[in-house]
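Heads up: the structure comes next, in structure tokens.
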Amino acid sequence: MLIRFITTGGTIDKIYFDALSQFEVGESQVQHILSEALVAFDYSIEPLLQKDSLELTAEDRAAIRRFIESDSARRFVVTHGTDTMVETAEALAGIDGKTIVLTGALSPARFRTTDAVFNVGMAVAAAQTAPPGVYIAMSGRVFAGDAVQKNREANRFEAV
């Protein structure tokens, strides 16, 4: 079973530039996460975008949709920034025959304390077991893509 990973940037891939005292989206961390986890399934990684999710446009979301619609894979994990993950899930709704799971992190994957590895693992499990549709795997849960919101005050995702 092949899982196609699409990387779009977001906090999961952020790196800290000490001299600038700021974070910027860097190289995708998915390959490192999967290699360290010693996974035993077929996968490929498609680096589609490298943006903070607040910078994603309708055109970016349309490009993600076109890629998934035209790709031969049936199972996808999309790494994405958390601020607009729900909007991208909405933009991907209605793609027939494909299981699409969006995930990301509330702290960068490069940090010692991060939710990135756990979230990617949850997304992989959901991509393997969930029926076709769009899902978000965050905060230790798998949500229907159209029934979730980010609670910024509590710093977690919740069902709506």
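Here is a check on your reading of the model: is ALA127 farther than 20 Å from ILE33 by Cα and among the small types (Gly, Ala, Ser)?
no
If you take the residues of segment 62-83 that are touching a Leu at 6+ places or on another chain (Cβ under 8 Å) and assigned to a helix (DSSP H, G or I), which of them is surrounded by the most Cβ atoms within 10 Å (Cβ to Cβ)?
Applying the filter and picking the extreme gives ILE64.
Could you give every pair whose Cβ atoms fall below 9 Å, whose first residue belongs to segment 37-59 and is in contact (Cβ under 8 Å) with a residue 60 or more places away in the chain, and whose second residue is of a type in the set (Gly, Ala, Ser) and part of a strand (DSSP E or B), counting only separations of at least 6 or pairs across chains?
Going by the 9 Å Cβ cut-off, there are no qualifying pairs.
For segment 49-65, check the following and say yes or no: at least one residue is modelled with pLDDT of 95 or more, touching a Phe, Trp or Tyr at 6+ places or on another chain (Cβ under 6 Å) and among the β-branched types (Val, Ile, Thr).
No: segment 49-65 contains no residue that is modelled with pLDDT of 95 or more, touching a Phe, Trp or Tyr at 6+ places or on another chain (Cβ under 6 Å) and among the β-branched types (Val, Ile, Thr).
Filter segment 108-142 down to residues that are assigned to a strand (DSSP E or B) and under 13 Å from the mean Cα position of the chain (by Cα) and give me whichever is farthest from GLY94 (Cα to Cα).
The qualifying residue farthest from GLY94 (Cα to Cα) is MET138.
What is the number of the single condition among (1) modelled with pLDDT of 95 or more; (2) farther than 24 Å from PHE67 by Cβ that GLY140 does not meet?
It fails just one condition, (1).
Just one of (1) closer than 19 Å to ARG4 by Cα; (2) part of a strand (DSSP E or B) trips up GLU158, so point out which.
Of (1) closer than 19 Å to ARG4 by Cα; (2) part of a strand (DSSP E or B), only one is false for GLU158: (1).
From VAL101, VAL86, which residue is in a strand (DSSP E or B) and either at pLDDT below 95 or of a type in the set (A, V, I, L, M) (or both)?
It is VAL101.
For segment 73-127, how many residues meet the condition of being hydroxyl-bearing (Ser, Thr, Tyr) and at positive phi?
0
Take the residues of segment 111-146 that are touching a Gly at 6+ places or on another chain (Cβ under 8 Å) and of a type outside the set (Gly, Ala, Ser): which is surrounded by the fewest Cβ atoms within 10 Å (Cβ to Cβ)?
PRO132
The values are calculated or read from the model by the stated rules, or taken from the named source; none is laboratory data. What you are looking at is a predicted structure, and each value in this text was computed from that prediction instead of being measured. Here the Cβ is made from the backbone with ideal geometry for all residues, glycine too, and neighbour counts use every protein chain on show.
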